[in-house]
Amino acid sequence: MYFDPVKNALAAGTAVPAFNVPYLPMVEPVVRAVVELDSFALIETARLEWTKFEARSAAAVAAEFGRFRAPDHVRLHLDHVPVIDEDDMRVDYLADIREAISLGYQSVMVDGSRLPLQENITAARQVADLAHAAAIPCEAELGAILGHEAGPLPPYEELFASGKGFTRVDEARRFERETGCDWLSVAIGNIHGAIAAGARDKKKIAARLDLDHLQRLHDALGIPLVLHGGSGIPREYVLESFKRGIAKINIATEIRQAYEQVLQSTGQITAAQEAVYERTKWLIKDYFELGGTRLLICP
Ligand SMILES: [Zn+2]
């Protein structure tokens, strides 16, 4: 057995917010906000945050995280390591994941969502085995959560109405059974924030969630579900999703843009850190209503 905060959150009827840190100075204010609210959260970093932003490497994020340790409140998660990345390039994902495990990451994600189903299952199975051998949980993704790719997104309303790319219930059932993954990132109308240069500072569109579809996935599966692209989704959808199986929500754009905007206007990292602190506190306490969850998740 191993500590699984997201499973604990599901059992307690709550959720774990997971904050992405594309800039290393964002770690401190996020940790400070979580501890102050006596909440429980994950600090996470995705491969594209080392390659396209300034998080530098999984090792650099782990070192920064180590400076602000608060193990009852925050753990370190490796977000998206894609098998095929947003630029259609193959990634040596096993090397990245092995490295993160050796650096002390406390959970890991493999993203094979751009692969055909069987190949996604094979990759997820490999990573679940690696993670479990290290006594940590593993996340995988099934369905198409767009947004990271370069170029314009298809019209959102069309995407939502057609349900194109949504995680299929039959596939999810098979995925859960054959991979042994602990958490599943699902596509239910959510989208990632744009990261391409020239688009990353734009306001994110307010994505909706197909809550009936989420309920069907939740009814069919036993594992906690993960909501990626958590920034900009109207609050009533998010709160309802927590009642329908979502037990981890990823937040990237919302705190990244707070950091970038204040850094750009003031030139001061400390001012940008304060903006991240305030935004994180507001998100946890007021928007997601996840203050005071520590004892439920990490008793
Ligand atoms: Zn994501």
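The values are calculated or read from the model by the stated rules, or taken from the named source; none is laboratory data. In this text the structure is predicted, and so the values were computed from the model without any measurement. Please note: Cβ atoms are built from the backbone with ideal geometry, for glycine as well, and neighbour counts cover all protein chains shown. Quick note on the areas: whole protein, heavy atoms, side chains included, nothing else; ligands and nucleic acids left out. Shrake-Rupley method; radii C 1.70, N 1.55, O 1.52, S 1.80 Å.
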Accessible area (Å², 1.4 Å probe, nearest 10) - Asp4: 10 Å²
Other-chain or far-sequence residues with amide H under 5 Å of Ile249's (modelled H): Val16, Ala18, Leu227
Between the stretch 178-238 and the stretch 4-77, the alpha-carbon center distance in angstrom: 18 Å
For the stretch 7-92: rounded, prolate or oblate by the Cα gyration tensor [a/c cutoff 1.5]: oblate
Cβ-defined net charge surrounding Glu236, 15 Å radius [Lys, Arg +1; Asp, Glu -1]: -1
Considering only the chain, percent of DSSP beta bridges that pair antiparallel, nearest 5: 5 percent
Residues in the stretch 72-112 reached by a label modelled at Glu119 [backbone nitrogen below 12 Å; 7 Å Cα→Cβ]: 83-85, 88-91, 112
Probe 1.4 Å - accessible area at Asp72, Å² to nearest ten: 80 Å²
Calculated from backbone phi, Karplus (6.51, -1.76, 1.60) coupling profile of the stretch 119-131 in Hz, x at Gly/Pro: 5, 4, 4, 4, 5, 5, 4, 4, 6, 4, 5, 4, 5
Projected label distance in nm at Ala12 and Ala161, using a 7 Å step from Cα toward the beta-carbon: 4.2 nm
Accessible area, probe 1.4 Å, largest first, for residues Trp50, Trp183: Trp50, Trp183
For Gly193, net neighbour charge (Lys/Arg +1, Asp/Glu -1) across residues whose Cβ lies under 15 Å away: -1
